[in-house]
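Okay, structure first, notes after.
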Amino acid sequence: MNYPWINPSHQMSRSAYKQRSKPKKRPNIHFSTLNSAVAERPPLSFGRTRARHRDNSFSDRLVNDRSEVQSFKLFGQSVAILVAISLLIFMSVATWKGATMTGSFGLEIFSMTLVTVILFILSYLSASYISVRNKSFVYLVIVLLVIALIKVFIILTYNIGPTSDYFNYHYFAYAKASGIPWTKHMIGTNMFFPHVLNIAMMYSIPYSLIGTNYVTSQILNIAITMFDGLLIYKLSASMINKQAGIFSALIFSLIPSYFMYSLINGAEPMYITFLLGICISFDTFLKRDAHDTNAKWVASFLSLAVLVILAYMVRPTIGIWVVAGFIYIIFMRTNEQYTYKFKLTRYFFFAAFTLVFITFSVLSPKIYSAVYGIPIASSSSMNRYSLATGTSPETNGAYNKHIYDIMNKNYKEFPEQAKMDSMTNKDLNKRIDSNINELNGQNKWGIFLDQKYTQFSNEDYGYNWILYNTAKSNHHEGSFYSMKKSLVALSAIFYEFIVILCIFTMSFILLFAPRIPDSINTVNKLFYFSLLLDGFIIGSMIFEVQGRYHTVLYIPLVLILGLGVKLLTERNRKFQITLTI
C-alpha cells in the first residue's frame, strides 16, 4: 500500500519489512575475543562524563561569578546616579535662592520663563530638523556662527575694561607678547597661583599673532566657545546620536550666563575646551578593541596625557576627571566577553596616563619655574590657600581678603623661596584649623554648606562679571544695569530648566532601565555623566567657590539632556513601563 503523504523514497516493500523485523542471531563470542576487545577499547567513557560534569560546573560557576560582578557594578552605578540626582535637586533650590528673585520680579519671572520655553522648543525642533539633513553639520556651524557674530557685535559696542584676575591675564599676556620679561616683582603674589601665568601665556599666543588689544582675547573666547559647541556635538553624536549632539550644542551655546561670561577673557572657555578634548579622547580610548594595534593605543594615551596636562595648567581640578575616568573603567558594564590580554592593555595605558598626570602635577612648580625663569611657590601653598578660603565661615567659602593677605605678607617678608613656602604653609594651616574649630564649635556646618552651595550654584556670575568689568567710559552701562532683573531672571530660569530636565531624565532611566532599549549602554553613559557631576560638585565644595566655577557642570548636564532627547524621539520603539515594588 502506498501512502501519498509519505515520501516514496522512504517506503519499503512488505518483504523488506519482514526481513527487517526478524531478530538477528546473536554471534558466539569467545571470552578471549571479548577480553581483547575490552583491552583495545579506550577506557574514556566514564572519564569523559566526569570531565563534562566538571566543565559544566566550572561554566556555571563562571556565569554565577560574572552575574555577581555585574550586579555589584550595577549597584555602584545606581549609587553614583542617585547621588548626582540628589545633588542636582539641592542645586535647583540653591540656584533659585542665589538669584534672590523676590518682590517685584513677578513680571520678569513670567516673561523669562516664556522665553526659556521658546528657546528649548526651538532648539529641539531645530535639532530634529537639522539631524535628518545630509549636511547637518554645516547647518549647525551656521547657527553657532550666527550666535558668535551676535557676541562680536556686543563687544564692539559695549566697552569692557578688565579687572581682578582678568586684568592679570591681559597684562601678563601683553607683556609676554611685547617682549617684556616676567619678573618676580611683576607677577607678585601670583607666584602662588601659577595657573594665572599659564592662562596669560596661552593668551599671549594670539596677542603675538593678531595684536595686544584686549578685544583680541574677547574674540578668542568667543571663537573658543563656538568651537566648544562643535566639540559637544561631536562627543554627544558619538556617544548618543546626531540629534542629541545638535540639541546639546545649541543648549550649551544659549546658556544666558555663560553667553555673557564668554564676552570677557575668562579662563573657563579654555578649560572647557581641554576637558571636552579629554572626553572625546576617552570615548575613542574606550572604543579600542582587541584588534587595534599598539600604535592606536599609544595615540590615545598621548592625546589624553597632553590634554590633561593643558587642562591642569588652567585649572588643577582636572584631577577630578582622572579619578572619575578610573572609576568608570572599573564599573563599566558590558555584554561582551573581553580577554584578559585586552583588559590588561586597557588598564595599562590608562594607568600609564594617570602616572604621567601625577608626575606632572608633582613636578609642575619646578617645570613652571624653569619655563618662565622666575620662582614659583610649591603646590601645597596654593592648595592650602584654597582650602583655607573654602572653609572660611566669614565668607561662606568664597574669597576672603584676610586669607589673601597671608600670601601677600609672606611674599614681602621672606625673599627666600623655601622660607616663604614654609611660613605660608604654617600660617595657612593655623587658619584652616581655626576655621574648622569655629564651624565645629558653633555647629555651623549645615548653614555653612548650604550658603556655600548657594554661592557655587549662583547663575548670575555672567551678569555680575560683565558689570564689574565695564569700562568707565562705557556709555551703555546705565542701560545694562537697568536690564539686571531680566538678565538675572533669564539666567536662573534657563539653568533651572536644564537642571530639572536632567533630574527627570536621570530618574526615568534609573527607574525604567530594564524597559529601555540598549539599557546597559544607556545606564553606562548616565553613570559616566553622573560621576562627572558628583566629582566636580563635591570636589569644588572642598575648596574656594565662585559662581563661575560651576560652568564645568554644563558639559555633563547638556549631555544628559541629549540622552533625554534620544529617549523622547524614539519613534519605532515602544516603552512598556511596569513598576514593580
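The values are calculated or read from the model by the stated rules, or taken from the named source; none is laboratory data. Small disclaimer: the values here were computed from a predicted structure and weren't measured. Neighbour counts run over all protein chains shown; Cβ positions are idealised from the backbone, glycine included. SASA here: full protein model, heavy atoms, side chains in, ligands and nucleic acids out. Shrake-Rupley method; radii C 1.70, N 1.55, O 1.52, S 1.80 Å.
Laid out as a table, the results:
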item: Qualifying residues in segment 420-456 (those that are of a type in the set (Lys, Arg) and farther than 13 Å from residue 544 by Cα) - the one surrounded by the most Cβ atoms within 10 Å (Cβ to Cβ); result: 431
item: Yes/no for residue 438 being acidic (Asp, Glu) and either assigned to a helix (DSSP H, G or I) or under 19 Å from residue 195 (Cα atoms) (or both); result: yes
item: Count of segment 460-499 residues which are among the aromatic types (Phe, Trp, Tyr) and open to solvent by 60 Å² or more (accessible area, probe 1.4 Å); result: 3
item: Search result, residues across segment 347-374 that are surrounded by fewer than 17 Cβ atoms within 10 Å (Cβ to Cβ) and touching a residue at least 60 places away in the same chain (Cβ under 8 Å); result: 373
item: Single match in 194, 181 (criterion: under 30 Å from the mean Cα position of the chain (by Cα) and over 28 Å from residue 498 (Cα atoms)); result: 194
item: Options 385, 399, 411, 404: the member that is under 15 Å from residue 193 (Cα atoms) and not in a helix (DSSP H, G or I); result: 399
item: Output for segment 333-343, where each listed residue is of a type outside the set (Lys, Arg), in a helix (DSSP H, G or I) and loosely packed, with under 12 Cβ neighbours inside 10 Å; result: 340
item: Condition met for residue 321 (within 20 Å of the chain's Cα centre (by Cα) and either surrounded by 14 or more Cβ atoms within 10 Å (Cβ to Cβ) or β-branched (Val, Ile, Thr) (or both)); result: yes
item: Scan of segment 152-161 for residues that are touching a residue at least 60 places away in the same chain (Cβ under 8 Å) and surrounded by fewer than 20 Cβ atoms within 10 Å (Cβ to Cβ), ordered by number; result: 152, 154, 155, 157, 158, 159, 161
item: Of residues in segment 81-111 being in contact with a Lys or Arg (Cβ under 9 Å, 6 or more places away or on another chain) and assigned to a helix (DSSP H, G or I), the one nearest to residue 482 (Cα to Cα); result: 108
item: Test set (1) among the hydrophobic types (A, V, I, L, M, F, W, C); (2) surrounded by fewer than 14 Cβ atoms within 10 Å (Cβ to Cβ); (3) under 33 Å from the mean Cα position of the chain (by Cα) - residue 398 fails condition number; result: (2)
item: Hey, residue 149 open to solvent by 50 Å² or more (accessible area, probe 1.4 Å), in a helix (DSSP H, G or I), closer than 30 Å to residue 469 by Cβ and free of Cβ contacts under 8 Å to residues at least 60 places away in the same chain or not; result: yes
item: Answer residue from segment 401-448, given it is of a type in the set (A, V, I, L, M) and under 35 Å from the mean Cα position of the chain (by Cα) and is nearest to residue 189 (Cα to Cα) among those; result: 407
item: Any hit, segment 115-122, residues being open to solvent by 50 Å² or more (accessible area, probe 1.4 Å), out of contact with any Pro (no Cβ under 7 Å at 6 or more places or on another chain), farther than 29 Å from residue 246 by Cβ and in a helix (DSSP H, G or I); result: no
item: Sole residue being modelled with pLDDT of 95 or more, under 12 Å from residue 562 (Cβ atoms) and open to solvent by less than 10 Å² (accessible area, probe 1.4 Å), chosen from 199, 222, 251; result: 251
item: Selected residue (only one of 523, 545 is in contact (Cβ under 8 Å) with a residue 24 or more places away in the chain and in a loop (DSSP other than H, G, I, E, B)); result: 545
item: Tally, over segment 175-196, of residues that are surrounded by fewer than 19 Cβ atoms within 10 Å (Cβ to Cβ) and among the small types (Gly, Ala, Ser); result: 3
item: Some residue of segment 93-108 being of a type in the set (Lys, Arg), surrounded by fewer than 19 Cβ atoms within 10 Å (Cβ to Cβ) and closer than 16 Å to residue 500 by Cβ; result: yes
item: Number of the exception - residue 475 against (1) assigned to a loop (DSSP other than H, G, I, E, B); (2) in contact with a helix residue (DSSP H, G or I) (Cβ under 9 Å, 6 or more places away or on another chain); result: (2)
